[in-house]
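One structure is given below, encoded as structure tokens.
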Amino acid sequence: MHYVYLHGFASGPNSTKGRYFRDRFAELGITLRQPDLNEPVFERLTLSSQLACVDRALEGTEGPVTLFGSSLGGLVAVLRAIRDERVVRLVLMAPAFRFIERWSAQLGKETIERWRTTGRLPIYHYGYGRECPLDVGMLEDARKYDEEQLLRPVPTLILHGQGDEVVDPQLSTDFARSRPYVRVQFYDTDHSMGSVVDRLWQETVDFCQLG
């Protein structure tokens, strides 16, 4: 089994959860692959560019593969599983379902129009510790993708905070409703889930049969 961890939006492989999971896998003698989804540059980030990063991380791999995804990385993991049968299991942490719909609503019409006009949207990148301009291509590209196209029965564990202020936990419930192979576990925490990371790991150990 190959294990790959996909970080969230405006983050990186060395995120808090990313480091924690990498260390726990290392204790088991397992290498956790953690591609940098910002490549080639964050400014031109799209869902397509992130899927291409996953392609490169899996190049030469025959499978099987377990994908982990945090927030937007969770959405990317699902999109990858739609088209890649090597992916046999998913562990999704606060997955950013309905991404472009939610983001557009949060930004508002004026900001979206300004983004279209200027071609750039200032985004604070937590991994870099600074503000970066994001190309409007992210907006247009995201409309090509839909997580609802995951019809293949990939065993999936969704871990989500009930107090998530970024992604409504109801979206995880909705995703699982018509998919009996998806299990959702909720926690009393926020989007970062940093306060329950030990419990996330134990759920992962059980689900992936790592113990």
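The values are calculated or read from the model by the stated rules, or taken from the named source; none is laboratory data. What you are looking at is a predicted structure, and each value in this text was computed from that prediction instead of being measured. Every residue, glycine as well, gets a Cβ built from its backbone with ideal geometry; the counts of neighbours run over all protein chains shown.
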(message) Go through (1) surrounded by 14 or more Cβ atoms within 10 Å (Cβ to Cβ); (2) at pLDDT 95 or above for T118 and report which single condition fails.
(response) (1)
(request) Identify the single condition in (1) small (G, A, S); (2) free of Cβ contacts under 8 Å to residues at least 12 places away in the same chain; (3) touching a Pro at 6+ places or on another chain (Cβ under 7 Å) that S172 does not satisfy, given that it satisfies every other one. (result) (2)
